[in-house]
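Undergrad: Below is the structure I would like to discuss, written out as structure tokens.
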Amino acid sequence: MTVTMRALVITAPGRAEVREVPRPESRAGEVVIDVERAGVCGTDVEFYTGEMAYLHTGLAGYPIRIGHEWAGVVASVGEGVDPSWVGRRVTGDTMLGCGSCQRCRHGRQHLCSDRYEIGIRNGWPGALAEQLPVPVRALVPLPEGVGSTLGALVEPGGNALRAVRGAALEPGERLLVLGTGAIGLLVAQIAAAQGIDVHLMGRSERSRTFAGTLGFEHVWTRETLPELRFDAVVDASNSPDLPALALDLVEPGRRVVYIGLAGQPSLIDTRIMALNDVTAVGVLSASGGLEGTIDLYASGAVDPRPLVAATVTLDEVADVLAGRRRPEWGDAPKVHVDPRR
């Protein structure tokens, strides 16, 4: 095996290239993954455009190797790691806490102030590469039947599952999902699998039409949204205006879940929240939702594979980040990468 490998590197806003970089080594407590599939998400695009907040706070900087939605096979293990991991198909948590602070000790390692985030924060290299180093404690095994495409959809699915859990709905209750991108559609799929009455509101006609192809009948624009009270609202958009709208639309005494992030501050009227006794829930990361998502995929209760428009090579990723999509891909929101091609 050569001592270098190919990896996608963003070098500056609007500039990305495939480079030969050193292969990772199996350090103590870690494994090295042969990456089979990796997803491109909105956070990756923000690194490409230069809008990502961590670039402006010093928690990330160029050059950066992106990619945090992944699946692969354990190629080697470091000191102290059970060798039986070798050859197992896995995915893993993006959020790598220090393991010793109070937050980590109480199960909130995804909020550790000293955390690494794979392909995002503090320089931990990402999965848009032939290989990826990962702490063994972050690994989650993939069962038979959950292939590389599904495996790379576990991380976004874990975010969506946590959002559905945060909504605290019973079967038959009504949920409004604001945003028809990948996370919004995953929220809708997971909620529908639980017998929840799902409504979606989307901005673009193409994304709304695509949502309809997944079997969702109640897909609205802001103008056509019926005058209903929703038992919960999940904001999975990147609009700075919709967090406030969510408070107007939710049934008093119920919940609004915020999982989408706008590029500028979102203002809400806390008087509405207090006077309507609304609970607001924020969701950061898939931590705590990975295993449940795998169970949903393995059982067939949720099949997110139609959300993947195409699987491309590393050499094609820069075009994807720049928003250049081939017409034949259709309107599905997610693009995957096979770093081996």
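Undergrad: Just for the range 229-284: of the residues that are in contact with a strand residue (DSSP E or B) (Cβ under 8 Å, 6 or more places away or on another chain) and hydroxyl-bearing (Ser, Thr, Tyr), which one is farthest from Glu173 (Cα to Cα)?
TA: Across the range 229-284, the extreme among qualifying residues is Ser239.
Undergrad: While we're looking at this one, here's another question. Kindly indicate the residue of the range 81-114 that is β-branched (Val, Ile, Thr) and crowded, with 18+ Cβ neighbours inside 10 Å and also nearest to Val283 (Cα to Cα) among those meeting that condition.
TA: Once the filter is applied, the top-ranked residue is Thr94.
Undergrad: Something else now. Working carefully through the options Glu46, Glu51, Glu30, Glu20, find the one that is charged (D, E, K, R), assigned by TED's automatic domain parsing to the domain that holds Leu142, closer than 24 Å to Ser113 by Cβ and surrounded by fewer than 17 Cβ atoms within 10 Å (Cβ to Cβ).
TA: Only one candidate passes the filter, namely Glu51.
Undergrad: Taking Ile118, is it in the same structural domain as Asp315 (by TED's automatic domain parsing), among the aliphatic types (A, V, I, L, M) and closer than 30 Å to Ala7 by Cα?
TA: yes
Undergrad: Which one of the conditions (1) within 20 Å of the chain's Cα centre (by Cα); (2) surrounded by fewer than 22 Cβ atoms within 10 Å (Cβ to Cβ) does Val257 fail to meet, given that it meets all the rest?
TA: (2)
Undergrad: From the set of residues in the range 260-286 that are out of contact with any helix residue (DSSP H, G or I) (no Cβ under 7 Å at 6 or more places or on another chain) and hydroxyl-bearing (Ser, Thr, Tyr), which is nearest to Glu117 (Cα to Cα)?
TA: Per the stated criteria, the residue is Thr279.
Undergrad: Name the residue that is surrounded by the most Cβ atoms within 10 Å (Cβ to Cβ), counting only residues in the range 132-162 that are in contact with a Phe, Trp or Tyr (Cβ under 9 Å, 6 or more places away or on another chain), of a type in the set (A, V, I, L, M, F, W, C) and part of a helix (DSSP H, G or I).
TA: Per the stated criteria, the residue is Val154.
Undergrad: Quick check on Thr293: is it assigned by TED's automatic domain parsing to the domain that holds His68, of a type in the set (Ser, Thr, Tyr) and modelled with pLDDT of 95 or more?
TA: no
Undergrad: Quick one: is Arg19 basic (Lys, Arg) and free of Cβ contacts under 8 Å to residues at least 60 places away in the same chain?
TA: Answer is yes for this residue.
The values are calculated or read from the model by the stated rules, or taken from the named source; none is laboratory data. For clarity, every value in this text was computed on a predicted model and none was experimentally measured. Neighbour counts are summed over all protein chains in view; Cβ atoms, including those assigned to glycine, are modelled from backbone coordinates with ideal geometry.
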